[in-house]
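For reference, the structure discussed in these notes is given below.
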Ligand code: HEM
């Protein structure tokens, strides 16, 4: 339901009334409105349009619903093109806090299934962003896109300790929905899935709760399921130079992708019960940071630089050679930096009554090879005893759009 067609829908009006001014600095995303409830970030509305897609440097919202899709066996190039344009239109409506389609959840009359499934009515936009990605398999011989595959977009290499499960890995397309309310994120994926019916189907999906990263200095640093502050040394929305250098695809990318990025997702199970039996001192040495403040073990405060050369009186490294932050740090990886945007997940429990939980790790980078550089370094990570990488995927993330354009339109122009 667009405001031009129907006047401002009741639901959009409610969403806008509650909207607050939580900016996405550096991304050029304005917010549509500011009003009542200015101290409640829950109901802010992000702009769908911009040079880059929202959902990358946008301050990380509280909840995630992520879905990977395969095109159906009968889908044609034209189906793919129309799917992307139908998704763009519906995503723009939902991000604005509007109902999907001309007639929304209730205006289509009693004799048709509603265009919008309705479970997000009255919730407002809840900072929703929807971000689309294209997997390497989309560029095989099915859709005439093989010539447009970016050189950098290929399946990731295998890594030490990989225990990847095929059925929760890969995919032709992905949609990342982030919002401050889980129902709004699920509603977005559900409605886009419904629109894709007959053209694409979900291959795997992941619900994430509790961000494990900040992407803005204005956010506090959250904690992961091991109880440590996570996201301290992340690339932040305010760091334009670092974003240009490490996140946004530039001239090396085909024209259709410039201003976009690459997303790597890794579903990482965390052996929570084993971790919980570990001494605090050991836990801190595994990460190389202290648990309460998140400061490097070499001293100072959370955001101070680590001194990786510092030794204690026994002449041992204060931040051990196997510490996660040492091995993941740019100094150890030819300067490589990643923009992390992960979420905690819990998928119930296993037959031993242990928590099936972990980190749904997501990073955005200019080249997936940068993720591989860091992940290879982590082969020596003391953390490996407590984690298992069980799912993996990589996607090219097209740039943002202007009103009237469709996601990845450059592929078909
Ligand atoms: C379950 C798995 C993981 C957990 C629990 C975890 C947790 C953490 C924590 C607590 C920090 C320190 C605070 C911070 O700067 O954010 C950190 C830093 C970092 N992690 Fe991880 N991490 C995991 C997996 C990974 C993976 C797979 C990668 C990339 C391949 C990665 C890359 C990084 C980077 C680049 C840093 C910043 C290092 C620095 O510059 O100081 N992490 N992680």
Is one or more of the residues making up segment 193-200 more than 27 Å from residue 331 (Cβ to Cβ), loosely packed, with under 14 Cβ neighbours inside 10 Å and at pLDDT 95 or above? yes
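Residue by residue, here is whether (1) surrounded by 18 or more Cβ atoms within 10 Å (Cβ to Cβ); (2) within 25 Å of residue 371 (Cβ to Cβ); (3) in contact (Cβ under 8 Å) with a residue 12 or more places away in the chain holds:
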| site | (1), (2), (3) |
| --- | --- |
| 237 | yes, yes, yes |
| 265 | yes, yes, yes |
| 277 | no, no, no |
| 288 | yes, yes, yes |
| 305 | no, yes, no |
Of the criteria (1) under 18 Å from the mean Cα position of the chain (by Cα); (2) over 27 Å from residue 217 (Cα atoms), which one residue 337 fails: (2)
Among the residues of segment 212-245, count how many are in a helix (DSSP H, G or I) and away from the ligand (no atom under 13 Å from the Cβ). 5
For segment 178-189, check the following and say yes or no: at least one residue is closer than 29 Å to residue 410 by Cβ, within 16 Å of the ligand (Cβ to nearest atom) and modelled with pLDDT of 95 or more. no
Failed item in (1) buried (at least 17 other Cβ atoms within 10 Å of the Cβ); (2) farther than 15 Å from residue 164 by Cβ; (3) more than 15 Å from the chain's Cα centre (by Cα), with residue 397 passing the rest: (3)
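Is it the case that some residue within segment 304-320 is within 30 Å of residue 181 (Cβ to Cβ) and touching a strand residue (DSSP E or B) at 6+ places or on another chain (Cβ under 6 Å)? Before you say what the answer is, go through the steps one by one.
Let us first name the residues in segment 304-320 that are within 30 Å of residue 181 (Cβ to Cβ), namely none.
Checked against the condition, which is being within 30 Å of residue 181 (Cβ to Cβ) and touching a strand residue (DSSP E or B) at 6+ places or on another chain (Cβ under 6 Å), segment 304-320 yields no hits at all.
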Hey, can you tell me all the residues within segment 85-99 that are touching a helix residue (DSSP H, G or I) at 6+ places or on another chain (Cβ under 7 Å), within 23 Å of residue 412 (Cβ to Cβ) and buried (at least 21 other Cβ atoms within 10 Å of the Cβ)? 87, 90, 91
Answer residue from segment 246-259, given it is touching a strand residue (DSSP E or B) at 6+ places or on another chain (Cβ under 7 Å) and assigned to a helix (DSSP H, G or I) and is nearest to the ligand (Cβ to nearest atom) among those: 246
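Residue-by-condition table, conditions (1) touching a residue at least 24 places away in the same chain (Cβ under 8 Å); (2) within 27 Å of the chain's Cα centre (by Cα):
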{"site": "45", "(1), (2)": "yes, yes"}
{"site": "51", "(1), (2)": "yes, yes"}
{"site": "57", "(1), (2)": "yes, yes"}
{"site": "67", "(1), (2)": "yes, yes"}
{"site": "76", "(1), (2)": "yes, no"}
{"site": "94", "(1), (2)": "yes, yes"}
{"site": "101", "(1), (2)": "yes, yes"}
{"site": "114", "(1), (2)": "no, no"}
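Would you check if there is a residue in segment 61-72 being closer than 24 Å to residue 167 by Cβ and surrounded by fewer than 18 Cβ atoms within 10 Å (Cβ to Cβ)?
Filtering segment 61-72 for residues closer than 24 Å to residue 167 by Cβ gives 63-72.
Those left that are additionally surrounded by fewer than 18 Cβ atoms within 10 Å (Cβ to Cβ): 72.
Checked segment 61-72: at least one residue is closer than 24 Å to residue 167 by Cβ and surrounded by fewer than 18 Cβ atoms within 10 Å (Cβ to Cβ).
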Given the conditions (1) closer than 29 Å to residue 181 by Cα; (2) within 11 Å of the ligand (Cβ to nearest atom), and given that residue 288 satisfies all but one, which numbered condition is not satisfied? (1)
Matching entry among 123, 138, 153 (being outside any loop (DSSP other than H, G, I, E, B), in contact with a helix residue (DSSP H, G or I) (Cβ under 8 Å, 6 or more places away or on another chain) and either under 29 Å from residue 412 (Cα atoms) or in contact (Cβ under 8 Å) with a residue 40 or more places away in the chain (or both)): 138
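The values are calculated or read from the model by the stated rules, or taken from the named source; none is laboratory data. Keep in mind that this is a model prediction, so the values were computed, not measured. Quick reminder, even Gly has a Cβ in these numbers, built from the backbone with ideal geometry, and neighbours come from all protein chains shown.
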